[in-house]
Amino acid sequence: RVYRWLAEQPDSLAVLEIPVPEGDRDETQQFAIRQYLVLFHGKRRVDGVSGFVSKRYRKFRSAIQKFPSESALDAAEKMGTNLIIVHLGDYDPVHAEQLRRSIAAEQRLVPRAEFEGASVFELRPRDRSVRVRESRGRED
């Protein structure tokens, strides 16, 4: 299972699990169970549920709803994410397939492991030199 595999990975990893609840009212028991499983795998989570969502975390959750867009990956990177677990089984089959294709097209997401209903990706940092060139409006 994905959490057994995760427990075997280096301790310094920070994990994001997709989907992320959009708002406080979207925090279900399933999200709480995934948070509880931290006790078994021991990795830092960049997402979670608590009944209280800070303004900073609301902004993060909003950005992550567009996963795997560039802005979502930038937000995940800013929070220190190393691994992203995508629970494709949480989506209807059509949405899951669309998400799978979008993820495959994203060079910053490197497949690490595959489980029934969940895929794990390493999040590679955005190339800072590309960001500088883009902000200047030219390719060097």
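Structure notes:
- Candidates in region 9-31 are the residues that are more than 19 Å from residue 96 (Cβ to Cβ) and either surrounded by 13 or more Cβ atoms within 10 Å (Cβ to Cβ) or in contact with a helix residue (DSSP H, G or I) (Cβ under 9 Å, 6 or more places away or on another chain) (or both); of these, the one that is modelled with the lowest pLDDT is 23.
- Residue ID - most open to solvent (accessible area, probe 1.4 Å), chosen from residues in region 67-82 that are under 18 Å from residue 112 (Cα atoms) and not hydroxyl-bearing (Ser, Thr, Tyr): 82
- Matching option when the condition is part of a helix (DSSP H, G or I) and at pLDDT 80 or above, among 60, 40: 60
Conditions (1) modelled with pLDDT under 85; (2) closer than 24 Å to residue 4 by Cα; (3) open to solvent by less than 80 Å² (accessible area, probe 1.4 Å); (4) of a type in the set (Gly, Ala, Ser), marked per residue:
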residue: 51; (1), (2), (3), (4): yes, no, yes, yes
residue: 65; (1), (2), (3), (4): no, no, yes, no
residue: 84; (1), (2), (3), (4): no, yes, yes, no
residue: 98; (1), (2), (3), (4): no, no, no, no
residue: 113; (1), (2), (3), (4): no, yes, yes, yes
residue: 131; (1), (2), (3), (4): yes, no, no, no
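The values are calculated or read from the model by the stated rules, or taken from the named source; none is laboratory data. Note that this is a predicted model, so its numbers are computed, not measured. Note that each Cβ is placed from the backbone with ideal geometry, even for glycine, and that neighbours are counted across all protein chains shown. For the accessible areas, the whole protein counts, side chains as well, though only heavy atoms, and no ligand, DNA or RNA atoms are used. Shrake-Rupley method; radii C 1.70, N 1.55, O 1.52, S 1.80 Å.
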